[in-house]
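For reference, the structure discussed in these notes is given below.
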Amino acid sequence: MNLEEQARQRKERLARLRNAKSNAAASSDAPSDNAADKPALRFRNYDPISEDLTKHKEAPPPVGPTAKDLVETVEGQVEKFAHEALEAEKQRSKEVDLVALAPKKPNWDLKRDLEKKMEKLDRKTQSAIADLIRERLQKAGDVSEAAGAADAARAAALDEDAMDED
């Protein structure tokens, strides 16, 4: 096919389309009694009682979710999420920590605070006992026995501490 022949075919096709379009416009200008051309009755706020009107009643268009429905859906999801969080917290609180449940003596906090002070006093007491023993032995004149006596005093004090803890 050459270019002249293609141009001729294109012109023929355009002419056919023009004629079909003009025929369609001419037929729509003519009045017709088709029921499809008449406007349909819509009863939005009125339910027709007569049978003549009920025949022309259209089915209502399908309605999607409204903004109110969407808000209620979001609120429901938030409530569900909050409920799940509360349930998880209740479950976690039901799990028992055995250390926290162990009964403690009523004076446990007093003993805890007193231990720090007693460590200082025990050191001072031991050194005071050792000094007293040294003085006694020096009065007696035997210094070598004083060193052994100080060690013995420390050992005795440790034994007393062990006995007090039991």
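Every number in this text was worked out from the coordinates using simple rules, so none of it is lab data. Everything quoted here is computed from the prediction, not taken from an experiment. Positions of Cβ are generated from backbone atoms using ideal geometry, with glycine treated the same way; all protein chains shown enter the neighbour counts.
With K and R counted +1 and D and E -1, the other residues having a Cβ less than 15 Å from that of D109 yield a net charge of +4.
Charge tally for P48 (other residues, Cβ to Cβ under 12 Å; Lys, Arg +1; Asp, Glu -1): 0.
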